[in-house]
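The values are calculated or read from the model by the stated rules, or taken from the named source; none is laboratory data. Remember, it's a predicted structure, so these values are computed and weren't measured experimentally. In this analysis, Cβ positions are derived from the backbone assuming ideal geometry, glycine residues included, and neighbour counts consider all displayed protein chains. All accessible areas refer to the heavy atoms of the entire protein, side chains included, with ligands and DNA or RNA removed. Shrake-Rupley method; radii C 1.70, N 1.55, O 1.52, S 1.80 Å.
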Amino acid sequence: METGAAGQAGGGGPAAAAAAGEYWSEALKSFLDHIPVSLDGSVPDAIDSMYRSDVAGAVIVDDVRTSFGKFVDRDIGFVEFPSLVLWAIEEFDKLGSGAGDKNSDFLTSLKQHPQIAETKIAWLAKSFLWEPFFPVRSHDTLFHAMLLFSKHRRINVVPVVELMNSSVIGFVTQNAVMELLLSSSGLEWLDKIADKQLSEFRFANTTKPVSVYSDQTLSDALHILSKEKIGVAVVDRKTSCLIGSIQCSDLYQLLDDSSLFRNRKTLSAEEFVKLKSKDENISTENSSASGGQNVLSLRTGQRITAGLPVTNRKSDTLKQAMEKLTASRSSCSFIVDEHGRVEGVVTARDIISVFSPPCMDSRIDGGTFFSAALAQTGCRVEHGQMIQNS
């Protein structure tokens, strides 16, 4: 199937296919050099392996017997560092406040309890803790990845393979998709949507932001983060103003500093935010001389802007939110009023969904790269609605 690229005029053909290849070549720069995690591996070992390799996720591999009687590794799933850490903390807390050695670090504490230490990666499939595994091929369009991000709420990265059932060669991130969309800035199909104010969109969490008060404990915030999987706003109880956030990308710090895990039930959310801000400032200084950085590194605190989380006003445009998120490598931006009070949150997934059916205005062709991806799924879009072909 011939596919076109975002913002490319005209239909398919060699030129469009070449343009699509250029888009994916740019996206490939955002790939994660993944490490394999075995089905038979334990959860603590998987956490330790990803932490030591400084990666936010890993492909799950299984041995498959071929027709020649040989075993080969087959990529069958994907698991993320934050999901494992949050699951482990929830399980640990179920054991009671007296569980664990107060002098132990995070991983040692987990390994002291068979309920956690002996849990295999394979078991996670029964609890739906594997992330959905829907790979795209390197010659698929950007829109194909956008559909996956917008329609599967638990997908944060899209695996890329050369051929179906072949090994994963990398991943495309949500931020990479937004960067590619922004590269079409100035074209009608994108600007007609991206130049609208945020107040014109109905995002899922615009009216119900997830938050904790600054004097609540880190444990409270982690429990909410485990359920919501979205950035938790930390607000001052007296003023209701945003003072920081706690996100999945912060969880590596529980392994960097064991005292954070041990004191999570007494350490306030505000105290954690201050410690995080100090760490981010140091990381930013250190990263300024180190050049490029893996965008899926656990230490995403090495941002251009450290301290307060990314924020926008309702009067800002969607494009302004996209630019802030890609510049900061953040997964969400908190919507605040003129006093700094949180009114909502917009995520990278929310933004990508705006450019995907059925939200996408079907009158905007987008270089015909939309219809090609939909044709693979047996659907089409008419008047802003997705319709299944009969």
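Worth a mention:
- When the range 228-271 is filtered for residues that are within 16 Å of F92 (Cα to Cα), of a type outside the set (A, V, I, L, M, F, W, C) and either within 15 Å of the chain's Cα centre (by Cα) or open to solvent by less than 20 Å² (accessible area, probe 1.4 Å) (or both), only R264 remains.
- The criterion of being at pLDDT 95 or above and open to solvent by 10 Å² or more (accessible area, probe 1.4 Å) holds for E323.
- S150 modelled with pLDDT of 90 or more, open to solvent by less than 20 Å² (accessible area, probe 1.4 Å) and either touching a Ser or Thr at 6+ places or on another chain (Cβ under 9 Å) or in a strand (DSSP E or B) (or both): no
- Enumeration of residues in the range 166-179 that are surrounded by fewer than 22 Cβ atoms within 10 Å (Cβ to Cβ) and under 16 Å from H139 (Cβ atoms): S166, V168, I169, G170
- Near pairs, Cβ below 7 angstrom, 6+ apart or cross-chain, from the range 214-226 (within 15 Å of D93 (Cα to Cα)) to any residue that is in a loop (DSSP other than H, G, I, E, B) and of a type in the set (A, V, I, L, M): T217/L267; L218/L267; I224/V210
- Scan of the range 77-98 for residues that are at pLDDT below 80 and exposed (fewer than 15 other Cβ atoms within 10 Å of the Cβ), ordered by number: G96, S97, G98
- Residues in the range 233-242 that are closer than 14 Å to F272 by Cβ and either modelled with pLDDT under 95 or among the small types (G, A, S) (or both): A233 alone.
- Failed item, numbered, when G340 is tested on (1) modelled with pLDDT of 60 or more; (2) under 23 Å from the mean Cα position of the chain (by Cα): (2)
- Hits in the range 44-66 - residues which are in contact with a strand residue (DSSP E or B) (Cβ under 8 Å, 6 or more places away or on another chain), modelled with pLDDT under 90 and open to solvent by less than 40 Å² (accessible area, probe 1.4 Å): A56, G57, A58, V59, I60, V61
- The numbered conditions (1) modelled with pLDDT of 60 or more; (2) part of a helix (DSSP H, G or I) are all true for P309 except (2).
- Residue count for the range 105-136, restricted to those that are among the aromatic types (F, W, Y) and modelled with pLDDT of 75 or more: 3
- Boolean, D215 is outside any helix (DSSP H, G or I), at pLDDT 95 or above and touching a helix residue (DSSP H, G or I) at 6+ places or on another chain (Cβ under 9 Å): yes
- Candidate set: the range 186-200, residues that are part of a loop (DSSP other than H, G, I, E, B) and touching a residue at least 24 places away in the same chain (Cβ under 8 Å); chosen: the one surrounded by the most Cβ atoms within 10 Å (Cβ to Cβ): L187
- Unmet criterion (only one of (1) at pLDDT 90 or above; (2) buried (at least 21 other Cβ atoms within 10 Å of the Cβ); (3) over 25 Å from K314 (Cβ atoms)) for D220: (2)
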